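**Student:** Please find one structure pasted underneath; my questions will follow.
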Amino acid sequence: MRKLSGLLTLSLLGFSVLGGPALSADLTWEQAGFGKPVFQRLDLKGALPASARYTHELRPTFVVFRKAGWTPEKVKAQATCTQRVLSQCGLKMAGVDIWTVDAPHASVSLFRETGLEFGATGEFGFNEPGEHYPGTCYQVAAATPLKARPIVYFIRKFDEDPMAPDPGVNAWAAPARFNQGKPYVRSNSPLLDTAWMTSLIVGPQYAAERDPTYCTTAHELGHVLGHLDHLSEGERNLMADTPQKVNGSLTRTQCSAILKHPSVRRL
């Protein structure tokens, strides 16, 4: 292990050793409150189905909290299954930039700030009380010294208020638009185009309740990239609204929406 440009580098489980890209924000990881940043770039060439024809590419960033239940193998498995699902759309991930860090304030579990505010016009969005408090998704996203999106965070779990409308959430996304095209988060929110995966999704019970082709990270990126809502008609799909109905399939309409996201580049 050696230090390059102030960043520790190493190679494991197929990750290539690189010095790391230049941070696009003013602060370093340490100055922003994250500890011991390690950069790896995961090459997914071996995960690309040979039969797929690729017309677009995406380079997401994964931010993995140490001591949150995420091993490199589990993170790599989420990247691989996400690529498998997105291949249906002709979309390949041109590598995944992975930052492994110590969480700010050692908060490997976070609050989501999920108070939805319905206005008189029917628009709704996040009430973000976590702006000035540690231990929230908002605070972590705001502190992350990267401007590129989407970012997928890998944490331990959500610390929810037991009176919250949807306690026990295993994963969550913050797209720009959601639910029949209405705003979900403010366009200037640091939460915009982020997804949050808890280590609960790699537990045996979670997997046993879902089709083996389903991929949770791909589902949350479906919200982020395509602004896709949950399907409530009972059809089997990546975006179905129950564990019994989810699988790894996407429709042409869903793929078309995903490919329109600004972070997706035409080849």
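**Student:** Pick out the one residue from Gly33, Gly69, Gly46 that is modelled with pLDDT of 85 or more and either in contact with a Pro (Cβ under 6 Å, 6 or more places away or on another chain) or under 21 Å from Ser249 (Cα atoms) (or both).
**Tutor:** Gly33
**Student:** Which of the residues belonging to segment 181-197 are part of a strand (DSSP E or B), touching a residue at least 60 places away in the same chain (Cβ under 8 Å) and either over 14 Å from Gly222 (Cα atoms) or β-branched (Val, Ile, Thr) (or both)?
**Tutor:** Lys182, Pro183
**Student:** Another one. Might you let me know whether segment 226-248 holds any residue that is closer than 21 Å to Tyr54 by Cα, of a type outside the set (A, V, I, L, M) and surrounded by fewer than 17 Cβ atoms within 10 Å (Cβ to Cβ)?
**Tutor:** no
**Student:** Tell me whether segment 87-94 contains one or more residues that are in a loop (DSSP other than H, G, I, E, B), in contact (Cβ under 8 Å) with a residue 40 or more places away in the chain, on the phi > 0 side of the Ramachandran plot and over 16 Å from the mean Cα position of the chain (by Cα).
**Tutor:** Yes, some residue in segment 87-94 is in a loop (DSSP other than H, G, I, E, B), in contact (Cβ under 8 Å) with a residue 40 or more places away in the chain, on the phi > 0 side of the Ramachandran plot and over 16 Å from the mean Cα position of the chain (by Cα).
**Student:** Taking Leu238 as the residue in question, decide whether it is touching a His at 6+ places or on another chain (Cβ under 7 Å) and within 16 Å of Ala79 (Cα to Cα).
**Tutor:** Against the criterion (touching a His at 6+ places or on another chain (Cβ under 7 Å) and within 16 Å of Ala79 (Cα to Cα)), Leu238 qualifies.
**Student:** Is it the case that some residue within segment 209-225 is assigned to a loop (DSSP other than H, G, I, E, B), surrounded by fewer than 14 Cβ atoms within 10 Å (Cβ to Cβ) and of a type in the set (A, V, I, L, M, F, W, C)?
**Tutor:** Within segment 209-225, none of the residues are assigned to a loop (DSSP other than H, G, I, E, B), surrounded by fewer than 14 Cβ atoms within 10 Å (Cβ to Cβ) and of a type in the set (A, V, I, L, M, F, W, C).
**Student:** Do you know which of the residues in segment 143-191 that are surrounded by 14 or more Cβ atoms within 10 Å (Cβ to Cβ), over 23 Å from Val75 (Cβ atoms) and aliphatic (A, V, I, L, M) is modelled with the highest pLDDT?
**Tutor:** Ala176
**Student:** Taking the condition of being among the basic types (Lys, Arg) and closer than 17 Å to Thr198 by Cβ, how many residues in segment 58-89 meet it?
**Tutor:** Adding up the residues that qualify gives 3.
**Student:** Just give me the residues in segment 246-267 being out of contact with any Phe, Trp or Tyr (no Cβ under 7 Å at 6 or more places or on another chain), of a type outside the set (Val, Ile, Thr), in a loop (DSSP other than H, G, I, E, B) and in contact (Cβ under 8 Å) with a residue 12 or more places away in the chain, in sequence order.
**Tutor:** Ser249, Leu250, Leu259, Lys260, His261, Ser263 - these are the residues of segment 246-267 that are out of contact with any Phe, Trp or Tyr (no Cβ under 7 Å at 6 or more places or on another chain), of a type outside the set (Val, Ile, Thr), in a loop (DSSP other than H, G, I, E, B) and in contact (Cβ under 8 Å) with a residue 12 or more places away in the chain.
**Student:** Also, I was wondering about something else. Which one is nearest to Pro72 (Cα to Cα), of the residues in segment 192-203 that are buried (at least 23 other Cβ atoms within 10 Å of the Cβ) and not polar (S, T, N, Q)?
**Tutor:** Restricting to residues being buried (at least 23 other Cβ atoms within 10 Å of the Cβ) and not polar (S, T, N, Q), the top hit is Met197.
**Student:** Something else about it: Would you confirm, using the coordinates I've provided, whether Tyr206 is farther than 24 Å from Lys74 by Cβ and either in contact (Cβ under 8 Å) with a residue 60 or more places away in the chain or among the hydroxyl-bearing types (Ser, Thr, Tyr) (or both)?
**Tutor:** Working: farther than 24 Å from Lys74 by Cβ: no; either in contact (Cβ under 8 Å) with a residue 60 or more places away in the chain or among the hydroxyl-bearing types (Ser, Thr, Tyr) (or both): yes.
Taking the combined requirement at face value, the residue does not satisfy it.
**Student:** Which condition number does Ala50 fail, the rest of (1) of a type outside the set (Val, Ile, Thr); (2) more than 29 Å from Ala106 (Cβ to Cβ); (3) in contact (Cβ under 8 Å) with a residue 24 or more places away in the chain being met?
**Tutor:** Only one criterion in (1) of a type outside the set (Val, Ile, Thr); (2) more than 29 Å from Ala106 (Cβ to Cβ); (3) in contact (Cβ under 8 Å) with a residue 24 or more places away in the chain is unmet by Ala50, namely (3).
**Student:** Considering only residues that are in contact with a strand residue (DSSP E or B) (Cβ under 6 Å, 6 or more places away or on another chain) and hydroxyl-bearing (Ser, Thr, Tyr), which ones fall in segment 218-254?
**Tutor:** The one that is in contact with a strand residue (DSSP E or B) (Cβ under 6 Å, 6 or more places away or on another chain) and hydroxyl-bearing (Ser, Thr, Tyr): Ser249.
**Student:** Could you tell me which numbered condition Arg41 fails, if it satisfies all but one of (1) farther than 28 Å from Cys137 by Cα; (2) surrounded by 11 or more Cβ atoms within 10 Å (Cβ to Cβ); (3) modelled with pLDDT of 80 or more?
**Tutor:** (1)
The values are calculated or read from the model by the stated rules, or taken from the named source; none is laboratory data. Remember, predicted model here, so these are calculated numbers, not experimental data. Heads up, the Cβs are rebuilt from the backbone with ideal geometry, glycines too, and the neighbour counts pull from every protein chain shown.
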